[in-house]
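Taking it in order: structure first as structure tokens, then the write-up.
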Amino acid sequence: MRVPVGAAAPRPPATAAPGRLTVGYSGGLIVTPATSALRRRRPEAEVRTVHLGWCRPAEGLLDRQVDAVVARLPFPDDGLRVTHLYDEPRAVVVRRDHRLAARPFLTLEDIADEPLPWVPGTDPACAAFWRLEPRPDGRPAPKGPAMNALDDTWEFVAAGDAVAVTFLSHAQTVRPDLTLVPLRGVEPSHVVLATRADDNEPLVSEFRRCAVTHLAPSDRLDQPIGGARYSSA
């Protein structure tokens, strides 16, 4: 790119440097055990964490905003190295007085006519995964309100405007007027570590080993949820 005489050159995106690592993570995921293990192994290294919010994991990596991401599939993985960490069952969030709240578990048929929230601008594969589309009969899920933050979802569900699909570790973090019911017959949520495929920095490789060893499903999965006990084992 040609830079006019006297103009400042564009600043390149942040990139990994020896001794420095930036770890991104998606909502509902905990990376502390892995980052703490890396800091113990490499006390001289600078290890930072960044919550990605609704940002797409692949974009954060390829734009070099972060050097590693702990996130949930699906997302585009071209140019990335993806390492599976663990799976987590999915669940449905409903109001405590909802007709489905007392069920021990739910299936797609139970929520076939329930509106589900959607996130504007999200990756189509990710949107389909969390909206459970297409349904077995080929229909899309009924469209609920658009959400820009997780708290929007809880408000929509509490107001009776929608139900929502989430993961079981949210059981102890949702609002007290809501409850989670396990969802059966659907693919679980896959938690992975993603890095750039061509990134051979030793600190990235060492963090991958820490993530595989130290990141596991939350202990909250061993608690009774929606009348059933789910174990992370």
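Bear in mind these aren't lab numbers, they're just calculated from the coordinates by the rules spelled out. What you see is a predicted model, and the numbers here were worked out from it, not measured in a lab. Methodologically, a virtual Cβ is constructed for each residue, glycine included, from the backbone with ideal geometry; neighbour enumeration extends over all protein chains shown.
What the table below lists for this structure:
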{"quantity": "Whole-Å distance, taken between Cα centres, linking the range 191-215 and the range 88-127", "calculated": "32"}
{"quantity": "Pairwise FRET efficiency - ASP177 versus ARG41, Cβ, R0 = 30 Å, nearest 0.05", "calculated": "0.10"}
{"quantity": "Net charge of Cβ neighbours under 15 Å - reference LEU108; Lys, Arg +1; Asp, Glu -1", "calculated": "-1"}
{"quantity": "Hydrodynamic radius (Kirkwood) for the range 90-182, which is based on Cα pairs only, to one decimal in Å", "calculated": "13.3"}
{"quantity": "Alpha carbon convex hull of the range 55-212, volume per residue in cubic angstrom", "calculated": "120"}
{"quantity": "Förster-model FRET efficiency, 35 Å R0, LEU62 and ARG99, C-beta, rounded to 0.05", "calculated": "0.20"}
{"quantity": "Relative contact order computed over the range 73-200 (Cα-Cα under 8 Å; 6+ residues apart), in percent", "calculated": "49"}
{"quantity": "Neighbour-count ranking [beta-carbon atoms within 10 angstrom, fewest first] of GLU88, GLU133", "calculated": "GLU133, GLU88"}
{"quantity": "Where labels lie 7 Å past Cα in the beta-carbon direction, separation of ARG184 and THR213 in nm", "calculated": "3.9"}
{"quantity": "The range 76-141: translational diffusion in µm²/s, Stokes-Einstein, Kirkwood Rh over Cα pairs, 10 °C, 1.306 mPa s", "calculated": "110"}
{"quantity": "Equivalent-ellipsoid semi-axes of the range 44-91, from the Cα gyration tensor, Å, largest first", "calculated": "20, 14, 12"}
{"quantity": "Relative packing of peptides 152-163, 37-48 - highest average C-beta neighbours within 10 Å first", "calculated": "152-163, 37-48"}
{"quantity": "Under-5 Å amide H pairs with LEU80, H placed in peptide plane, nonlocal only", "calculated": "ALA197"}
